[in-house]
Amino acid sequence: MTFDRLSIPQRLPAPKPPWHQVLVKSFLREKRSPENPQIFRSCKFKNNISADIAKANASAILNRPAVERIHMQEQAVFTQKTEPVPPTGRFAPSPSGRLHLGNLACSLLAWLSAKSQGGRIVLRIEDLDAERCPRVYADLLEQDLAWLGLTWDEGGSTGGAHAPYYQSECGDIYTESYRKLEQRGLVYPCFCSRSQLHAASAPHTSDGNVIYPGTCRGLTPEEIAEKRKKKAPAYRLMVPDEEITFTDGCMGTHTENLLRDCGDFYLRRADGVFAYQLAVVVDDARMGVTEVVRGADLLSSTARQLYLYRLLGLQPPRFAHCPLLLAADGRRLSKRDGDQSLENLRAKYTAPEIIGKLAFAYGLQPEPAPRTPESLVPDFAWTKVPKQDICLPEGLF
Ligand code: GLU
C-alpha cells in the first residue's frame, strides 16, 4: 500500500464566489486488470469529491505498476458548495416620480425571491438622468419601501461596501468599462436623429424601440469628422449576428438575435450620459448581484446585457422577469396613473393591505387579505407567479 499526495488539477475553476476552499480527503482504489496486467481499471472513490477532480486524479494515477494501491489525497482545493449559495438580489428603481404599484410589485417579488432563498437585497438608485430623477424622489422611495417592510441590506442612503449606489455618481466607473469596449474597436459614433430613426417604415423591437439598421456603422474617419462639425454623436456598440439564449426564472427560455431583433445599441448619449444597458451590467456585477428580478418590459434588454457581460468578462446573474400590472381596462400601469402612486395608496390603505392585495394579484395568496412581506416568504415560489401580464381586478385598489 502506498500513499501519494496528488497535485491540484490545473483544470479547476478560478477560485471566486460561489467557489469555496475546502479540504478534500479521498481514497482512490485501483486494481490491476486480470486480462491486461498493465492496466488498472477499477477506480473507486471512498468519499465523494467533485467529478472533475475525480476524473483528473484518476487519469493521473492510472497505469502505475502495482497490484492494488490506495491513494490518499488530502489537499485544499477550490470546489463548489453543494448547498445553494444565497442570492444577492436588488431593487434598482429610476426615481423619476413617486413609487407606483408597478415598481412596487417588482420590488416585492425581488425581495421575496431573495429572502425565500436566504439571500440579501441591494438598493441601487438608477438616476443616470439626474435631471429627471432628483434626489427627493429617491429619498421618498426609500421611505415608501421601508414603510412597506421591504428592507434592503445595503445601498441607497444607507451605503455599504459597494458604494456609490447612486448611478449619477458612477461616471468614472462606467467610463472604465466603456473604454474597454472602445479599445476593442466595438464602439462607433452615431449621428442619426430621433426623427430619422423613428421613420414610419422603421422596424421596431418587441418593446417599441427601433431596430437600428447600422446606418452609421461604416462611416469613414473623414465622414465622421465632417458630421462632428454639425452634431455631437451618440455612441453605439456593434452587435454580432448571433442568437443569445437564456432561461428566465419566471418566463422560461428566451432567445434573441441581437443583430436581427435589436441592432447596434446605445452605450452613451450625445450629451455624454451613459446608457442604461452599460450602467446596469457594470453595477450589478460590481455589487455582486446574482439574481435580477424586474418587470417583463426588460426581458428583451437581457440579451444585450448578457452580451455586455461576455465582452467585459463579467459573471452574469440569473434573471427573472415578472409580469406587468395592467389597469382594469388593459392599459399598462405607469407613473401617469397617479391614483396608483404610493402617495395616494398610503392615504387609503395600511402597508399590509397594499402588500396583501399585490400578493393576491400575483397569485401568492388566494384572497387579498393583509400580509406583511415576511409572512409571504415561506410559501413564495416562482411557479405561482403567472407568466402573462396581470389585469388588476376592478376595485382591488
Ligand atoms: N431602473 C429600471 C426601472 O426602474 C429598472 C432596471 C432594471 O431592473 O434592470 O425601470
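The table for this structure:
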| item | result |
| --- | --- |
| Among residues of the range 167-206, those that are polar (S, T, N, Q) and within 29 Å of Ala138 (Cα to Cα), counted | 4 |
| Any pair with Cβ under 6 angstrom, 6 or more apart, that starts in the range 378-390 at a residue that is closer than 24 Å to Arg331 by Cα and ends at one that is assigned to a helix (DSSP H, G or I) | Ile390/Ala361 |
| Those residues of the range 302-318 which are out of contact with any helix residue (DSSP H, G or I) (no Cβ under 8 Å at 6 or more places or on another chain) and either over 20 Å from Leu123 (Cα atoms) or within 12 Å of the ligand (Cβ to nearest atom) (or both), in sequence order | Thr302, Leu306, Arg310, Gly313 |
| Tabulated pairs, the range 303-330, first more than 19 Å from Thr253 (Cα to Cα), second of a type in the set (Gly, Ala, Ser), C-beta under 6 angstrom, 6+ apart or interchain | Leu312/Ser177; Leu314/Ala285; Leu325/Gly102; Leu325/Ala105 |
| Pick from the range 224-276, criterion surrounded by fewer than 20 Cβ atoms within 10 Å (Cβ to Cβ) and basic (Lys, Arg), ranking: nearest to Leu312 (Cα to Cα) | Arg269 |
| Positions within the range 110-141 being of a type in the set (D, E, K, R), farther than 20 Å from Arg286 by Cβ and within 12 Å of the ligand (Cβ to nearest atom), in sequence order | Asp129, Arg132 |
| Residues located in the range 283-301, provided they are under 8 Å from the mean Cα position of the chain (by Cα) and either free of Cβ contacts under 8 Å to residues at least 12 places away in the same chain or within 11 Å of the ligand (Cβ to nearest atom) (or both) | Asp284, Val289, Val292, Val293 |
| Tally, over the range 181-204, of residues that are in a loop (DSSP other than H, G, I, E, B) and in contact with a strand residue (DSSP E or B) (Cβ under 9 Å, 6 or more places away or on another chain) | 7 |
| Any hit, the range 333-355, residues being over 30 Å from Ser177 (Cα atoms), modelled with pLDDT of 95 or more, aromatic (Phe, Trp, Tyr) and part of a helix (DSSP H, G or I) | no |
| Any hit, the range 97-109, residues being surrounded by fewer than 23 Cβ atoms within 10 Å (Cβ to Cβ) and away from the ligand (no atom under 16 Å from the Cβ) | no |
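This table checks each residue for (1) of a type in the set (A, V, I, L, M, F, W, C); (2) closer than 30 Å to Leu112 by Cβ.
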| residue | (1), (2) |
| --- | --- |
| Gly218 | no, no |
| Ile224 | yes, no |
| Lys229 | no, no |
| Tyr235 | no, no |
| Thr290 | no, yes |
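The values are calculated or read from the model by the stated rules, or taken from the named source; none is laboratory data. This structure is a prediction, so every number in the text was calculated from the model and none was measured. Note: ideal-geometry Cβ built from the backbone for every residue, glycine included; neighbour counts use all protein chains shown.
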